[in-house]
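J.: Next up is a structure, given as structure tokens.
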Amino acid sequence: MNIRKLLALLFAMALVAAACGSDGDSSSSSAAGEGGGTVDIDAALNADLSACEDAPTGDPIRVGMAMDFSDVVGFVDIPGSNLVPYMAEKINCAGGVNGSPVEVRVAEVGDDAALAAQELLDWGAHFLIGPPFADFALPILQTTDGEVPMFVAASTEPTLADASINSFLVSFDDNLMSGAVAQWALDEGITRAIVFTEGEGVPYTGVNPDAFIAAFEAGGGEVVSTQTYVWAADTDFSAQVNEIAGISENNEIVFSAALGFQVTALRGQLEGQGLDGLVYAGTDALDATGIQFEANNEGIVHTPHTSISAGDRVDTMLASYEADRGEALESRGFMGLYVDSMFLGLQGILDCGCTEPADIGAAVAQIEGFQGLTGEITYAGTNGIPPKAVPINRIVDGEDVLVATIGG
Amino acid sequence: MVELAQNLIDGLGRGSIYALLALGVAVVFGVMHLLNFAHGELITVSGYAAFWAITNGWSWWLVVPLIIVVAVLTSLVIERLAFSRVRGASQFTLLLTSFGVHFVVSAIFLLYVSASVKNFARPAWTTQSTWALGPLQIETFDTVVIVVTILTLIGTNLLLQRTMFGLALRAAAADFDTARLMGVRSDTVIRGAFALSGLLAGIAGVFWLMRAGSTTPSAGIDPMLKGVLAALIGGLGSLRGAVLGGFALGLAEVLLRSWLPGSIAGLTEGFVFALIALLFIFRPQGFVSVAHAERV
């Protein structure tokens, strides 16, 4: 081979190599630069909006929030959609992500989640944060066609997670949550349970009791009574109480996915029948509806997404929001999930060094040991449900305190 | 047997609240032929008033009259702002207007107050106090609700039978045009009907909110549904029927919840609606027949 042919061959190989590189880079150019790095959560938390670094000048990273502001989940999606843009501002204040600013757009799903999702895709969202219930989350997934990663921030619904279509829970799911309560009860020596459900397999209101029953019985416990009720509506449990009064040994755990005011109403009626030795336990719905502020809440057990204590990272973040924005956010225990959703998406971008949504999704699916505000999050080897530890909180002497952490 | 007796008392307690709600719906229907789907909003607004008052340290002794006053005022304001504009319109328009009021009130609280559940302390006796009657443990709450409802029904009956306003209201319910020809002022009787409806909703709201200990922007939906359903069961436009419908609905809910096997107990609401459908097949007019009056 003469020198001219050798040079030609080398040139051709260089072209091929460049072309291959170009293929990969065409979807990765810009915002995040080269792959690698970790989202600096503490830098964002500690950023002082009155003394920011130079504004990041790279291509923006776009976070789309398709949020449900109705009275069904507005209690979390409204404050969540206030907090995430605020935290994006803090990230930008701290220099952005590898020199790229983070932009957030909120689209209310109203009665057409697909339209809201399309608006965000047209805007160029790199990933989405979606509403917690399937009614709206599923139309969004249909709109993205599984090509854009979506974090269903406040959801525990296992069927919404599917890594193959880039749909991720940020929380533990119903099975982990209610299984953890069953485990806690067994650890406490409680072997009898009374369960309230809306029906086997009913999303959330039935699935959580199903999971509790399965775990409780697998651990050797006995479910002595299963009662039905109407979630978020019933506050008069007379018929159920009359039946329970004839069965109870006054030593059971009463489990449901009911809201706080329902659990305390039920408790009052059961105590009125002389059943004052029961332990009441529930799900994240109790945190969502402010069990901490209910009367007659002493001893009630629940599973918040974040067991917030004074001065911790979530408490600091919420205090910072309140100081800067002049208003406190509600549903405090859920807020970390929204911000973690954004951090996870950003981490995916950093990991792949790309900006193509499908590539970001693939990177997110490989995340391991991410130290988020709500605990350690791993997607690698899962179907999009992080096997997180479940905090077990209990109202003790009027205070909402962490009494156990199950799993993780 | 004891459980049955217990359930009957519980059903009467629950039915009493429904009866008060249904009576409020029936009073307005009588004079305007308006099936008021905004009736539950009186409880939504009262609920937020109760939340505000209790979180500001008011005792329930003050909160009770507050709830009633707020319900009456809200009823009058809704009539003035919404229903007075569509008097004389078709029933369909009235119906849509009432839906509109429901959604607007709900949205106002959602947007300008909070989407979160707002909890407030219930009086302890509403859930924890019982008294024994032989082998029965009767809730003090049920007892109070039943007694207050009976007194309210007696009072309402006296108002309707012994006062000029009552006479005008009954005349308007029977035949509004003729009543006007006889000198009944339409504004007075309609506003009076809304005030009375608000009063009844306020009394029902006191018990509803005492039991719930919370409110949300959509807190009015359930009481609205129960009130409208009970009024329909009783015979739309009949005040007596509304009361009967309320008690029947309360009893049906509690007894079915108790009697249905556990595997289908979750279908209690469905069975209640199936019973209502059966009733309407055999008695489309409800328990009590009402001569059809011309609408306003």
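J.: Run down A:GLY336, A:GLY268 and say which single residue is in the same structural domain as A:ASN46 (by TED's automatic domain parsing) and surrounded by 24 or more Cβ atoms within 10 Å (Cβ to Cβ). Don't jump to the end; show me each part of the working.
T.: Numbers: A:GLY268 fails: in the same structural domain as A:ASN46 (by TED's automatic domain parsing).
It is A:GLY336.
J.: A further question on this structure: Against the condition in the same structural domain as A:LEU278 (by TED's automatic domain parsing), modelled with pLDDT of 95 or more, within 20 Å of A:HIS302 (Cα to Cα) and in a loop (DSSP other than H, G, I, E, B), how does A:ASN251 come out, does it pass? Give the steps one after another, and end with the answer.
T.: On the way: in the same structural domain as A:LEU278 (by TED's automatic domain parsing): yes; modelled with pLDDT of 95 or more: yes; within 20 Å of A:HIS302 (Cα to Cα): yes; in a loop (DSSP other than H, G, I, E, B): yes.
So A:ASN251 passes the test.
J.: From A:ASP276, A:ASP284, which residue is more than 7 Å from chain B (Cβ to nearest Cβ), open to solvent by less than 20 Å² (accessible area, probe 1.4 Å) and among the acidic types (Asp, Glu)? Spell out how you get there, then give the answer.
T.: Values: A:ASP276 fails: open to solvent by less than 20 Å² (accessible area, probe 1.4 Å).
A:ASP284 is the lone residue from the list that is more than 7 Å from chain B (Cβ to nearest Cβ), open to solvent by less than 20 Å² (accessible area, probe 1.4 Å) and among the acidic types (Asp, Glu).
J.: B:ALA49 passes all but one of (1) in contact (Cβ under 8 Å) with a residue 40 or more places away in the chain; (2) crowded, with 20+ Cβ neighbours inside 10 Å; which number fails?
T.: (1)
J.: Given the criteria surrounded by 24 or more Cβ atoms within 10 Å (Cβ to Cβ), in contact (Cβ under 8 Å) with a residue 12 or more places away in the chain, within 14 Å of another protein chain (Cβ to nearest Cβ) and in contact with a strand residue (DSSP E or B) (Cβ under 6 Å, 6 or more places away or on another chain), does A:ASP77 qualify? Outline the logic, then answer.
T.: Values: surrounded by 24 or more Cβ atoms within 10 Å (Cβ to Cβ): yes; in contact (Cβ under 8 Å) with a residue 12 or more places away in the chain: yes; within 14 Å of another protein chain (Cβ to nearest Cβ): yes; in contact with a strand residue (DSSP E or B) (Cβ under 6 Å, 6 or more places away or on another chain): yes.
Yes, satisfied.
J.: Could you say which residue among B:PHE271, B:PHE207 is within 14 Å of chain A (Cβ to nearest Cβ), part of a helix (DSSP H, G or I), touching a residue at least 12 places away in the same chain (Cβ under 8 Å) and farther than 21 Å from B:THR152 by Cα? Explain how you work it out, then say what you get.
T.: Details: B:PHE207 fails: farther than 21 Å from B:THR152 by Cα.
B:PHE271 is the lone residue from the list that is within 14 Å of chain A (Cβ to nearest Cβ), part of a helix (DSSP H, G or I), touching a residue at least 12 places away in the same chain (Cβ under 8 Å) and farther than 21 Å from B:THR152 by Cα.
J.: If the requirement is being touching a residue at least 40 places away in the same chain (Cβ under 8 Å), closer than 20 Å to A:ALA239 by Cα and within 14 Å of chain A (Cβ to nearest Cβ), which of these qualifies: B:SER214, B:SER218, B:SER258? Before you say what the answer is, go through the steps one by one.
T.: Numbers: B:SER214 fails: closer than 20 Å to A:ALA239 by Cα; B:SER218 fails: closer than 20 Å to A:ALA239 by Cα.
Just a single option satisfies the conditions, and that option is B:SER258.
J.: Then there is this: What's the total number of residues in region A:82-107 that are buried (at least 23 other Cβ atoms within 10 Å of the Cβ) and assigned to a strand (DSSP E or B)?
T.: Qualifying residue count, region A:82-107: 3.
J.: Restricting to region B:183-217, count the residues that are surrounded by fewer than 21 Cβ atoms within 10 Å (Cβ to Cβ) and closer than 20 Å to B:ILE67 by Cβ.
T.: Adding up the residues that qualify gives 1.
J.: Moving on to the next point. Looking at A:ALA55, is it modelled with pLDDT of 90 or more and not in a helix (DSSP H, G or I)?
T.: Numbers: modelled with pLDDT of 90 or more: yes; not in a helix (DSSP H, G or I): yes.
Answer is yes for this residue.
J.: Residues in region A:240-265 that are among the hydrophobic types (A, V, I, L, M, F, W, C) and either over 33 Å from the mean Cα position of the chain (by Cα) or facing chain B (nearest Cβ under 7 Å) (or both): how many? Give the steps one after another, and end with the answer.
T.: Keep residues of region A:240-265 that are among the hydrophobic types (A, V, I, L, M, F, W, C), which gives A:241, A:244-245, A:247, A:253-255, A:257-259, A:261, A:263, A:265.
Okay, now just the ones that are also either over 33 Å from the mean Cα position of the chain (by Cα) or facing chain B (nearest Cβ under 7 Å) (or both), so A:241, A:244-245, A:247, A:259, A:261, A:265.
Selection size over region A:240-265: 7.
J.: I'm checking my understanding of the structure. Among residues of region A:58-74 that are outside any loop (DSSP other than H, G, I, E, B) and either open to solvent by 10 Å² or more (accessible area, probe 1.4 Å) or within 14 Å of chain B (Cβ to nearest Cβ) (or both), which one is modelled with the lowest pLDDT?
T.: Start the filter on region A:58-74 by keeping residues that are outside any loop (DSSP other than H, G, I, E, B), which leaves A:61-67, A:74.
If we keep only those that are either open to solvent by 10 Å² or more (accessible area, probe 1.4 Å) or within 14 Å of chain B (Cβ to nearest Cβ) (or both) too, we end up with A:62, A:67, A:74.
Values: A:ARG62: 98, A:MET67: 96, A:GLY74: 91.
Selected residue: A:GLY74.
J.: Now, a different point. Restricting the search to region B:141-167, which residues are of a type outside the set (Phe, Trp, Tyr) and in contact with a Ser or Thr (Cβ under 7 Å, 6 or more places away or on another chain)? Break it down into steps so the answer makes sense when it comes.
T.: Residues of region B:141-167 of a type outside the set (Phe, Trp, Tyr): B:142-164, B:166-167.
Of everything in region B:141-167, those that are of a type outside the set (Phe, Trp, Tyr) and in contact with a Ser or Thr (Cβ under 7 Å, 6 or more places away or on another chain) turn out to be B:VAL145, B:ILE146, B:THR149.
J.: Ok, one more. Any residue at all in region A:339-353 that's more than 30 Å from A:GLU271 (Cα to Cα), surrounded by 21 or more Cβ atoms within 10 Å (Cβ to Cβ) and touching a His at 6+ places or on another chain (Cβ under 8 Å)?
T.: yes
J.: Take the residues in region A:239-265 that are surrounded by 24 or more Cβ atoms within 10 Å (Cβ to Cβ) and hydroxyl-bearing (Ser, Thr, Tyr), then tell me which one is farthest from A:ALA182 (Cα to Cα).
T.: Among them, the one singled out is A:THR264.
J.: Here is a further query. Is at least one residue of region A:326-349 polar (S, T, N, Q) and part of a loop (DSSP other than H, G, I, E, B)? Break it down into steps so the answer makes sense when it comes.
T.: The first filter runs over region A:326-349 and keeps only residues polar (S, T, N, Q), leaving A:331, A:341, A:347.
Going one step further and asking which of them are part of a loop (DSSP other than H, G, I, E, B), we end up with A:331.
Yes, there is a match, as at least one residue in region A:326-349 is polar (S, T, N, Q) and part of a loop (DSSP other than H, G, I, E, B).
J.: Right, next: Find all pairs meeting these conditions: Cβ atoms under 6 angstrom apart; at least six residues apart or on different chains; first residue within region B:10-35 and surrounded by fewer than 24 Cβ atoms within 10 Å (Cβ to Cβ); second residue not in a helix (DSSP H, G or I).
T.: Close Cβ pairs (under 6 Å, with a partner that is not in a helix (DSSP H, G or I)) amount to B:HIS33/B:ARG295.
J.: What single numbered condition from (1) open to solvent by less than 30 Å² (accessible area, probe 1.4 Å); (2) touching a Phe, Trp or Tyr at 6+ places or on another chain (Cβ under 8 Å) fails to hold for B:VAL105?
T.: Status for B:VAL105: all satisfied but (2).
J.: With respect to A:VAL202, determine if the residue is within 27 Å of B:SER258 (Cβ to Cβ), touching a helix residue (DSSP H, G or I) at 6+ places or on another chain (Cβ under 6 Å) and of a type in the set (A, V, I, L, M).
T.: Details: within 27 Å of B:SER258 (Cβ to Cβ): yes; touching a helix residue (DSSP H, G or I) at 6+ places or on another chain (Cβ under 6 Å): no; of a type in the set (A, V, I, L, M): yes.
When the stated conditions are applied, A:VAL202 does not pass them.
J.: While we're looking at this one, here's another question. For residues that are touching a Pro at 6+ places or on another chain (Cβ under 9 Å) and of a type in the set (D, E, K, R), scanning just region A:80-122, find the one that is farthest from the other protein chains (Cβ to nearest Cβ).
T.: The selected residue is A:GLU103.
J.: Looking at (1) aromatic (Phe, Trp, Tyr); (2) assigned to a helix (DSSP H, G or I); (3) in contact (Cβ under 8 Å) with a residue 40 or more places away in the chain; (4) more than 14 Å from chain A (Cβ to nearest Cβ), find the lone condition where B:PHE109 falls short.
T.: Evaluating B:PHE109 over (1) aromatic (Phe, Trp, Tyr); (2) assigned to a helix (DSSP H, G or I); (3) in contact (Cβ under 8 Å) with a residue 40 or more places away in the chain; (4) more than 14 Å from chain A (Cβ to nearest Cβ) leaves (4) as the failure.
J.: Further question: Filter region B:117-146 down to residues that are in contact (Cβ under 8 Å) with a residue 12 or more places away in the chain and at the interface with chain A (Cβ under 9 Å from one of its Cβ atoms), then give me how many there are.
T.: Residues meeting the conditions: 14.
J.: Residues of region B:64-83 being surrounded by 13 or more Cβ atoms within 10 Å (Cβ to Cβ) and without any contact (Cβ under 8 Å) to a residue 60 or more places away in the chain, which ones?
T.: Residues of region B:64-83 that are surrounded by 13 or more Cβ atoms within 10 Å (Cβ to Cβ), as a first pass: B:64, B:66-79, B:82-83.
Answer for region B:64-83, where residues must be surrounded by 13 or more Cβ atoms within 10 Å (Cβ to Cβ) and without any contact (Cβ under 8 Å) to a residue 60 or more places away in the chain: B:LEU66, B:VAL77, B:ALA82.
J.: I'd like the full set of residues that are under 24 Å from A:GLY336 (Cα atoms), surrounded by fewer than 24 Cβ atoms within 10 Å (Cβ to Cβ) and not acidic (Asp, Glu), limited to region A:114-136. Full working, then the answer.
T.: Residues of region A:114-136 that are under 24 Å from A:GLY336 (Cα atoms), as a first pass: A:116-117, A:120, A:125-136.
Among the residues that remain, those that are also surrounded by fewer than 24 Cβ atoms within 10 Å (Cβ to Cβ) are: A:133-135.
Correct list: A:PHE133, A:ALA134.
J.: If I filter region B:161-182 for residues that are among the β-branched types (Val, Ile, Thr) and open to solvent by less than 10 Å² (accessible area, probe 1.4 Å), do I get at least one hit?
T.: Keep residues of region B:161-182 that are among the β-branched types (Val, Ile, Thr), which gives B:163, B:178.
Of the ones still in play, those that are also open to solvent by less than 10 Å² (accessible area, probe 1.4 Å) are none.
Scanning region B:161-182 turns up no residue that is among the β-branched types (Val, Ile, Thr) and open to solvent by less than 10 Å² (accessible area, probe 1.4 Å).
The values are calculated or read from the model by the stated rules, or taken from the named source; none is laboratory data. Please read these numbers as outputs of a predicted model, since none were measured by experiment. Using ideal geometry, Cβ is built from the backbone for each residue, glycine included, and neighbour counts are taken over all protein chains shown. The protein model used for the area step is the full one, side chains on, heavy atoms only, and it has no ligands, DNA or RNA in it. Shrake-Rupley method; radii C 1.70, N 1.55, O 1.52, S 1.80 Å.
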